[in-house]
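Asks: Take this structure first; my questions come after.
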Amino acid sequence: MGKLSREKGKRGERQAAAELNKLFGCHARRSQQYCGADADADIKCDINGIHFEIKRQETMKMYPWLTQASEDAAATDCPVVLHRQNGKPWIACLYLDDVPGLVTLLNEYMEQQHD
């Protein structure tokens, strides 16, 4: 991967973290800058149980990306790919079977914030 591509990826991770912070009032940040392990989620977030894989590319490769997220995620984590093309809004992609678990995780997080 070239330097420009790596920089775009880092910017994408920071942008995605900012979007999560804005949407959920959580603390999300790039994980590579803190620990650097390849199998770690691209974003560390205080919404427990979600493994975020961030892709800031023009060509969408959802199934390979979801496979990567699933393989990198802990067995109990919900793998979610956040993707954005130039000039487009962020999208989230996950397996349909994982939607109920994701909704539960988000609801639990939001309830904790109001306690």
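Asks: Quickly run through the stretch 86-110 and pick out the residues that are farther than 16 Å from residue 53 by Cβ, open to solvent by 50 Å² or more (accessible area, probe 1.4 Å) and aliphatic (A, V, I, L, M).
Replies: 96, 99, 103, 110
Asks: Looking only at the stretch 51-85, how many residues end up being without any contact (Cβ under 8 Å) to a residue 60 or more places away in the chain, surrounded by 14 or more Cβ atoms within 10 Å (Cβ to Cβ) and charged (D, E, K, R)?
Replies: 5
Asks: Condition (residue is open to solvent by 30 Å² or more (accessible area, probe 1.4 Å) and among the hydroxyl-bearing types (Ser, Thr, Tyr)) applied to the stretch 21-35: is it met by at least one residue?
Replies: The first filter runs over the stretch 21-35 and keeps only residues open to solvent by 30 Å² or more (accessible area, probe 1.4 Å), leaving 21-25, 27, 29, 32-35.
Keeping just the survivors that are among the hydroxyl-bearing types (Ser, Thr, Tyr) gives 34.
Within the stretch 21-35, one or more residues are open to solvent by 30 Å² or more (accessible area, probe 1.4 Å) and among the hydroxyl-bearing types (Ser, Thr, Tyr).
Asks: Any residue in the stretch 1-23 that's under 10 Å from residue 42 (Cβ atoms): show its pairings with residues that are modelled with pLDDT under 95 and open to solvent by 60 Å² or more (accessible area, probe 1.4 Å) at Cβ separation under 8 Å, as long as the two are six or more apart or on different chains.
Replies: So the pair list comes out as 9/1; 10/32; 13/32; 17/29.
Asks: Before we move on, is residue 41 within 24 Å of residue 5 (Cβ to Cβ), out of contact with any helix residue (DSSP H, G or I) (no Cβ under 9 Å at 6 or more places or on another chain) and surrounded by 17 or more Cβ atoms within 10 Å (Cβ to Cβ)? Before you say what the answer is, go through the steps one by one.
Replies: On the way: within 24 Å of residue 5 (Cβ to Cβ): yes; out of contact with any helix residue (DSSP H, G or I) (no Cβ under 9 Å at 6 or more places or on another chain): no; surrounded by 17 or more Cβ atoms within 10 Å (Cβ to Cβ): yes.
Taking the combined requirement at face value, the residue does not satisfy it.
Every residue, every condition in (1) of a type outside the set (A, V, I, L, M, F, W, C); (2) more than 18 Å from residue 9 (Cα to Cα), yes or no:
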site: 24; (1), (2): no, yes
site: 41; (1), (2): no, no
site: 50; (1), (2): no, yes
site: 55; (1), (2): yes, no
site: 85; (1), (2): yes, no
site: 91; (1), (2): no, no
site: 98; (1), (2): yes, yes
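The values are calculated or read from the model by the stated rules, or taken from the named source; none is laboratory data. Note that this is a predicted model, so its numbers are computed, not measured. Because the Cβ atoms are built from the backbone with ideal geometry, glycine has one as well, and the counts that use them run over all protein chains shown. For the accessible areas, the whole protein counts, side chains as well, though only heavy atoms, and no ligand, DNA or RNA atoms are used. Shrake-Rupley method; radii C 1.70, N 1.55, O 1.52, S 1.80 Å.
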